[in-house]
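Derivation of every value follows stated rules applied to the coordinates shown; laboratory data play no part. Just so we're clear, the structure is a prediction, and the values are computed from it rather than from any experiment. Cβ atoms come from the backbone with ideal geometry, glycine included; neighbour counts cover every protein chain shown.
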Amino acid sequence: MCSQLQSVFIIFESVDRLYMYCCVKEGLEELKQICGALSQLKNEMQTNKVLTDLSDDGTGDEALWNVCLDSDRQLQQSAGAESAWFISPWLLVECYFYRRIYSTIRLRSFWN
């Protein structure tokens, strides 16, 4: 649980810092999109939502990530649970968290 709280703090800090840079005219619209995506990620974590597959962001490892997420879903389902933020193995969730942040920024051309 401590890890999830630390991750939420990281998102809060990231959103705050990104908003501080809103005075930059270039990339402002993308910055708003990043802040929205990070807010959504924070909400998913806080409400223990199901871990979703990664979309194609051009890194080439999305399929591997989605296979890992599918394996976790099958494992959790066999135990009568769902693959979610507070239920799935800590290391998977921790890495998934940072991968989602990376994907959010990578999809924006100005901030990439």
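Observations on the structure shown:
- The selection criterion, being under 19 Å from SER109 (Cα atoms), loosely packed, with under 14 Cβ neighbours inside 10 Å, without any contact (Cβ under 8 Å) to a residue 24 or more places away in the chain and of a type outside the set (D, E, K, R), does not hold for GLY80.
- Taken over region 28-54, the criterion of being hydroxyl-bearing (Ser, Thr, Tyr) and more than 18 Å from SER88 (Cβ to Cβ) is satisfied by SER39 alone.
- Considered as a group, the residues in region 41-60 that are among the acidic types (Asp, Glu) and touching a residue at least 24 places away in the same chain (Cβ under 8 Å) include one that is farthest from PHE97 (Cα to Cα), and that residue is ASP57.
- Selected residue [closer than 19 Å to ILE10 by Cβ, exposed (fewer than 12 other Cβ atoms within 10 Å of the Cβ) and either in contact with a Gly (Cβ under 6 Å, 6 or more places away or on another chain) or not β-branched (Val, Ile, Thr) (or both)] from LEU91, LEU64, LEU38, LEU51: LEU91
- Selected residue (only one of TYR102, TYR96 is surrounded by 16 or more Cβ atoms within 10 Å (Cβ to Cβ) and among the aromatic types (Phe, Trp, Tyr)): TYR96
- Being surrounded by 14 or more Cβ atoms within 10 Å (Cβ to Cβ) and outside any loop (DSSP other than H, G, I, E, B) is true of ASP72.
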